[in-house]
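Asker: Just dropping this structure here.
The values are calculated or read from the model by the stated rules, or taken from the named source; none is laboratory data. Nothing here was measured: the structure is a model prediction, and the numbers come from that model. A quick note on method: Cβ atoms are made from the backbone with ideal geometry, for glycine too, and the neighbour counts reach across all protein chains shown.
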C-alpha cells in the first residue's frame, strides 16, 4: 500500500511548501500529493485554495497575482518564511529524489483554461510521466488530460458522498484510479473498483484505526497528513 503525503508532511509543517515536501522525504515517504493553480501570468503554482487568505500572509485570489508577486507571500510561519513553490521548481526536486507525485488540478471552483496542457507540458519537460498521477474533483479536467495523452495516469476525485459503481465509471473513461474520501468508503466499493481494474487511493486518512480498515480492504494507497505514523503502521 502506497503512503502519499497530503500536501507534503502537512500535519506538522506548512502545507504545500518545499519544507513540507522535504520533511515528508525525511520521514521516509516517497509519494506526495499537491495542488496546482495558475498565477495571473500563467505560471503553475503549488497552493491548495483559490485564495491566499488561509495559507499565506496575503489576501486575494491566486489568479490575480503574478508569479513574482506570489513569491513575496509567506506560505510558512511567522518564524519560517516559505515561498509558494512553482510546479517547475518542485519537479526539479522530485526528479532528484525519485518522488512519485499526485498532482491535483484545482479547477473544481474556478476553471483555468489551458491548465491541463500546461501541466502535461511541464511533466514532459522533466520526463516525469511515469512518476505522476493527475487527479481532480472536476472530472472534465481529468477527461481532458486523457484526451491530451491517453497514457498518462489519472484519477477521479470524489467527496464524502462517494460514487456508486465507481469502478465501472472510471473504467468507462479509461481512468485507472479512484480517489474517494475515506469517511464513507466501504470494502464493497474497493472490490467493485478492483473488479474493473481500477486502483483506489483514499484521502485523507489520519486515524490509525481507519488505516487498519484500508489495509484489510487492500486499498492501493492512502493520502495522509501524518505520513510518519502511517508509514510505521504499514
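Asker: Tell me, please, whether a residue that is crowded, with 18+ Cβ neighbours inside 10 Å, more than 16 Å from the chain's Cα centre (by Cα) and in a loop (DSSP other than H, G, I, E, B) can be found in segment 223-234.
Answerer: Looking only at segment 223-234, we keep the residues that are crowded, with 18+ Cβ neighbours inside 10 Å, and these are 223-228, 230.
If we keep only those that are more than 16 Å from the chain's Cα centre (by Cα) as well, we get 228, 230.
Pick out the ones that are also in a loop (DSSP other than H, G, I, E, B) and you get none.
The answer is no; no qualifying residue exists.
Asker: Moving on to the next point. So if I check each of 150, 216, which one is within 24 Å of residue 111 (Cα to Cα) and either surrounded by fewer than 21 Cβ atoms within 10 Å (Cβ to Cβ) or under 19 Å from the mean Cα position of the chain (by Cα) (or both)?
Answerer: Details: 216 fails: within 24 Å of residue 111 (Cα to Cα).
None of the others qualify; the one that does is 150.
Asker: Could you look through segment 65-90, keep only residues that are under 23 Å from the mean Cα position of the chain (by Cα) and in a helix (DSSP H, G or I), and pick out the one that is surrounded by the fewest Cβ atoms within 10 Å (Cβ to Cβ)?
Answerer: 88
Asker: Here's something else I'd like to know. Identify all residues within segment 113-135 that are within 25 Å of residue 97 (Cα to Cα) and not in a helix (DSSP H, G or I); write none if there are none.
Answerer: Selection gives 126, 127, 128, 132, 133, 134, 135.
Asker: Kindly indicate whether any position in segment 154-168 is in contact (Cβ under 8 Å) with a residue 40 or more places away in the chain, within 24 Å of residue 2 (Cα to Cα) and in a loop (DSSP other than H, G, I, E, B).
Answerer: no
Asker: Right, residue 91: closer than 27 Å to residue 26 by Cα and touching a residue at least 24 places away in the same chain (Cβ under 8 Å) or not?
Answerer: Answer is yes for this residue.
Asker: Here's a check for you: in segment 119-138, which residue that is touching a helix residue (DSSP H, G or I) at 6+ places or on another chain (Cβ under 9 Å) and in contact (Cβ under 8 Å) with a residue 40 or more places away in the chain is surrounded by the most Cβ atoms within 10 Å (Cβ to Cβ)?
Answerer: 135
Asker: Considering only residues that are part of a loop (DSSP other than H, G, I, E, B), surrounded by 13 or more Cβ atoms within 10 Å (Cβ to Cβ) and either in contact with a strand residue (DSSP E or B) (Cβ under 7 Å, 6 or more places away or on another chain) or at pLDDT 95 or above (or both), which ones fall in segment 175-213?
Answerer: Those that are part of a loop (DSSP other than H, G, I, E, B), surrounded by 13 or more Cβ atoms within 10 Å (Cβ to Cβ) and either in contact with a strand residue (DSSP E or B) (Cβ under 7 Å, 6 or more places away or on another chain) or at pLDDT 95 or above (or both): 175, 176, 180, 182, 185, 196, 198, 204, 205, 206.
Residue-wise test of (1) modelled with pLDDT under 95; (2) over 18 Å from the mean Cα position of the chain (by Cα); (3) within 21 Å of residue 4 (Cβ to Cβ).
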{"residue": "27", "(1), (2), (3)": "no, yes, yes"}
{"residue": "38", "(1), (2), (3)": "no, no, no"}
{"residue": "42", "(1), (2), (3)": "no, yes, no"}
{"residue": "60", "(1), (2), (3)": "no, yes, no"}
{"residue": "97", "(1), (2), (3)": "no, no, yes"}
{"residue": "108", "(1), (2), (3)": "no, no, yes"}
{"residue": "113", "(1), (2), (3)": "no, yes, no"}
{"residue": "118", "(1), (2), (3)": "no, no, no"}
{"residue": "131", "(1), (2), (3)": "no, no, yes"}
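Asker: Shifting gears a bit: Which of the residues spanning segment 138-153 are more than 27 Å from residue 188 (Cβ to Cβ) and not in a helix (DSSP H, G or I)? Give the derivation first.
Answerer: So the first thing to find is which residues in segment 138-153 are more than 27 Å from residue 188 (Cβ to Cβ), and the list is 140-141, 144-145, 147-152.
Once the filter is applied, which keeps residues that are more than 27 Å from residue 188 (Cβ to Cβ) and not in a helix (DSSP H, G or I), segment 138-153 yields 149, 150, 151, 152.
Asker: If you don't mind, another one. Could you please let me know if residue 7 is surrounded by 15 or more Cβ atoms within 10 Å (Cβ to Cβ), under 30 Å from residue 220 (Cα atoms) and out of contact with any helix residue (DSSP H, G or I) (no Cβ under 6 Å at 6 or more places or on another chain)?
Answerer: On the way: surrounded by 15 or more Cβ atoms within 10 Å (Cβ to Cβ): yes; under 30 Å from residue 220 (Cα atoms): yes; out of contact with any helix residue (DSSP H, G or I) (no Cβ under 6 Å at 6 or more places or on another chain): yes.
The answer is yes for residue 7.
Asker: Now, a different point. Is there any pair with a first residue in segment 42-57 that is at positive phi and part of a loop (DSSP other than H, G, I, E, B) and a second that is modelled with pLDDT under 95 and surrounded by 15 or more Cβ atoms within 10 Å (Cβ to Cβ) whose Cβ atoms are under 9 Å apart and which are 6 or more apart or on different chains, and what are they?
Answerer: If the second residue must be modelled with pLDDT under 95 and surrounded by 15 or more Cβ atoms within 10 Å (Cβ to Cβ), no pairs are left.
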